[in-house]
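Asker: Can you read through this structure? Questions will come right after.
The values are calculated or read from the model by the stated rules, or taken from the named source; none is laboratory data. Fair warning: this is a prediction, and the values are worked out from it, not measured in the lab. As a convention, Cβ positions derive from the backbone with ideal geometry for all residues, glycine included, and neighbour counts pool all protein chains shown. For the accessible areas, the whole protein counts, side chains as well, though only heavy atoms, and no ligand, DNA or RNA atoms are used. Shrake-Rupley method; radii C 1.70, N 1.55, O 1.52, S 1.80 Å.
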Amino acid sequence: MSFRGTESNGPAERRFDRRSLLKAAGATALTTSLIPATAGVARAKEAATVDAIVIGAGYAGGTVARELALQGLKPLVLEARNRIGGRIWTSTFAGAQVEVGGSWLGPQQPLIHKELQRYNRSTFEDVVAERMVLPGDQGFEVLPPEDAFAALGQLWGEFYAGSENYFERPQEPLFRSDLLASVDPLSLSDRLGQLQLSPTELKWLNSETSVYSGGPSTRGALTAMAQWIQLSGGSYGTYSTTMSLRPVGGMTAVLQAMFNESQADIRLNSPVKKVTESGGLVTVETTAGAKFVSPVVVVATPANVWKNITFSPGLPAAHTQATTQGIGVPHATKMWVQVQGNVPATAAQAGEGSPILMMVPQQQLADGRLFICFTGPSLNVSNATDVRAAVQQFLPGATVLRYQAMEWAKDPYAGGGWGLRRPNQLLQLFPAIEQPHGRIVFAGADIAKGWHGAFIEGAIESGFRAAQQAAALA
């Protein structure tokens, strides 16, 4: 992982660590069994036999572990990091609870809301923008949010025209595969090129397409984002609400509750290097040499890192394609910034190629307001001067007190940020990507049918499917 920090008028927070995560999540006493990597080393010469093995302790892995436990199995969870959560990571910055990874929930996502009810957790509405900064004909212009969203809504309506037909049933993405054949090959950039847009309108739209693509809009598929729009209710306005809610206690709170209920044996600091199926059993070996044997294994890691594990027999064609091409976006840097003073809650977007593509306002603290920034590949987040200049594009004269960036592509256990399918991946990967590979099952938001990629709703959905498949094999 790569963490970058600086300060101008206050002490920098050097890194997000496990202690701050546990404090932020309120998880000072875990009822699951968390065993450090040294325990695995001690028994490296003998393979322990367990009911089921789950690789990865994110939301997909947590869902699988709980559902298998409810079937009477005792799952073993192997997690490469020293924390649970995967691409979800609740920590602290500037004395406030923050999300290093995924941050938001939407009202249209029933699975996570059912989990919140199950564990007696509530949500709160995130900060609402008081003003909007968008590219104009002469630099940036400040607009009232209602005017900006009205203009953006009309443009996005044109961009997604027809998706209500080819995603007639967005939870069943292949339902109209006959219509998808002509649109699944299109990138987000291809779709932008089909529209009659002014230079300013193009900047407005591709500020978002480049954020979700993690760089050039040629990478992301039109059908990937179009499915999100239809899942949300069919408009830009309804889609904007998918980033309106945050869970009390942080994004990891429900996941911790899942693991607590499962009573799973969780081994942290246990990266997996090899998965071998033979004679009706699967052997999993960690980089430290620990071996575990089970009738079934669920791989609940990002698709980008499957290629870092040796599978024997080798992966099927769809899984090989997914991990070779990648689904998690390669450039996904999320940066928290604190700006000095009483600063208006400003949302901002910039065109593709800009150092900061999108800025989202967060809470006002005593000494300054927090912002989330999604950066472009051109910004060197190690350079405090460059970061300050990038923020000042949206907030002229602003004083950056401190910032902290997470470069998800440099995380060896993620290999990228949120997932976004590439052109042709919907029709080429599904439904094969959801099928077990012998006694090896795959889960994760990257390969969810519905809220895929950037949403824990998809991780939970795929976890339920994988748990059902694994229970049948256990």
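Asker: Considering only residues that are aromatic (Phe, Trp, Tyr) and in a loop (DSSP other than H, G, I, E, B), look in segment 142-167 and name the one that is farthest from residue 347 (Cα to Cα).
Answerer: Going through the qualifying residues, I end up with 167.
Asker: Still on this structure, I have one more. Name the single residue, out of those in segment 313-326 being open to solvent by 20 Å² or more (accessible area, probe 1.4 Å) and in a helix (DSSP H, G or I), that is nearest to residue 423 (Cα to Cα).
Answerer: Out of the qualifying residues, it is 325.
Asker: Would you mind stating whether residue 300 is modelled with pLDDT of 95 or more and open to solvent by 20 Å² or more (accessible area, probe 1.4 Å)?
Answerer: no
Asker: Give the number of residues within segment 151-198 that are among the hydroxyl-bearing types (Ser, Thr, Tyr), touching a Gly at 6+ places or on another chain (Cβ under 9 Å) and open to solvent by 30 Å² or more (accessible area, probe 1.4 Å).
Answerer: Counting residues in segment 151-198 that are among the hydroxyl-bearing types (Ser, Thr, Tyr), touching a Gly at 6+ places or on another chain (Cβ under 9 Å) and open to solvent by 30 Å² or more (accessible area, probe 1.4 Å) gives 1.
Asker: What tally of residues in segment 438-464 results from selecting those that are in a helix (DSSP H, G or I) and surrounded by 20 or more Cβ atoms within 10 Å (Cβ to Cβ)?
Answerer: Residues meeting the conditions: 11.
Asker: Quick check, is residue 329 open to solvent by less than 50 Å² (accessible area, probe 1.4 Å) and within 18 Å of residue 61 (Cα to Cα)?
Answerer: So residue 329 fails the test.
Asker: So, restricting to strands (runs of 3 or more DSSP E) that lie completely within segment 168-280, which ones have at least 2 residues that are basic (Lys, Arg)?
Answerer: Once the strands (runs of 3 or more DSSP E) in segment 168-280 are filtered for at least 2 residues that are basic (Lys, Arg), what remains is 272-278.
Asker: Has segment 232-243 got at least one residue that is more than 23 Å from residue 153 (Cα to Cα) and either basic (Lys, Arg) or open to solvent by 20 Å² or more (accessible area, probe 1.4 Å) (or both)?
Answerer: Within segment 232-243 (the criterion being more than 23 Å from residue 153 (Cα to Cα) and either basic (Lys, Arg) or open to solvent by 20 Å² or more (accessible area, probe 1.4 Å) (or both)), the answer is no, since none of the residues qualifies.
Asker: Pick out the one residue from 378, 382 that is surrounded by fewer than 17 Cβ atoms within 10 Å (Cβ to Cβ) and either under 22 Å from the mean Cα position of the chain (by Cα) or among the β-branched types (Val, Ile, Thr) (or both).
Answerer: When all the criteria are applied, what remains is 378.
Asker: Same structure again: Filter segment 418-436 down to residues that are of a type outside the set (D, E, K, R) and touching a strand residue (DSSP E or B) at 6+ places or on another chain (Cβ under 6 Å) and give me whichever is most open to solvent (accessible area, probe 1.4 Å).
Answerer: This residue is 423.
Asker: Being open to solvent by less than 30 Å² (accessible area, probe 1.4 Å), closer than 24 Å to residue 226 by Cβ, in contact (Cβ under 8 Å) with a residue 24 or more places away in the chain and in contact with a Pro (Cβ under 7 Å, 6 or more places away or on another chain) narrows it down to one residue among 134, 105, 116; which is it?
Answerer: 105
Asker: State yes or no: is residue 346 within 20 Å of residue 207 (Cβ to Cβ), at pLDDT 95 or above, hydroxyl-bearing (Ser, Thr, Tyr) and in contact with a helix residue (DSSP H, G or I) (Cβ under 7 Å, 6 or more places away or on another chain)?
Answerer: yes
Asker: Restricting to segment 70-102, count the residues that are in contact with a helix residue (DSSP H, G or I) (Cβ under 7 Å, 6 or more places away or on another chain), more than 22 Å from residue 332 (Cα to Cα) and either in a loop (DSSP other than H, G, I, E, B) or open to solvent by 20 Å² or more (accessible area, probe 1.4 Å) (or both).
Answerer: Residues meeting the conditions: 1.
Asker: Return only the number of the condition from (1) open to solvent by 10 Å² or more (accessible area, probe 1.4 Å); (2) hydroxyl-bearing (Ser, Thr, Tyr); (3) touching a residue at least 60 places away in the same chain (Cβ under 8 Å) that residue 310 does not satisfy.
Answerer: Tallying (1) open to solvent by 10 Å² or more (accessible area, probe 1.4 Å); (2) hydroxyl-bearing (Ser, Thr, Tyr); (3) touching a residue at least 60 places away in the same chain (Cβ under 8 Å), residue 310 fails exactly one: (3).
Asker: Mind checking which pairs have a first residue in segment 55-77 that is in contact (Cβ under 8 Å) with a residue 40 or more places away in the chain and a second that is among the hydroxyl-bearing types (Ser, Thr, Tyr) and open to solvent by less than 10 Å² (accessible area, probe 1.4 Å), Cβ under 6 Å, 6 or more apart or different chains?
Answerer: Every condition considered, the pairs that remain are 60/462; 65/262; 66/262; 69/262.
Asker: Can you give me the number of residues within segment 345-376 that are over 16 Å from residue 135 (Cα atoms) and not in a strand (DSSP E or B)?
Answerer: Looking only at that region, the number is 3.
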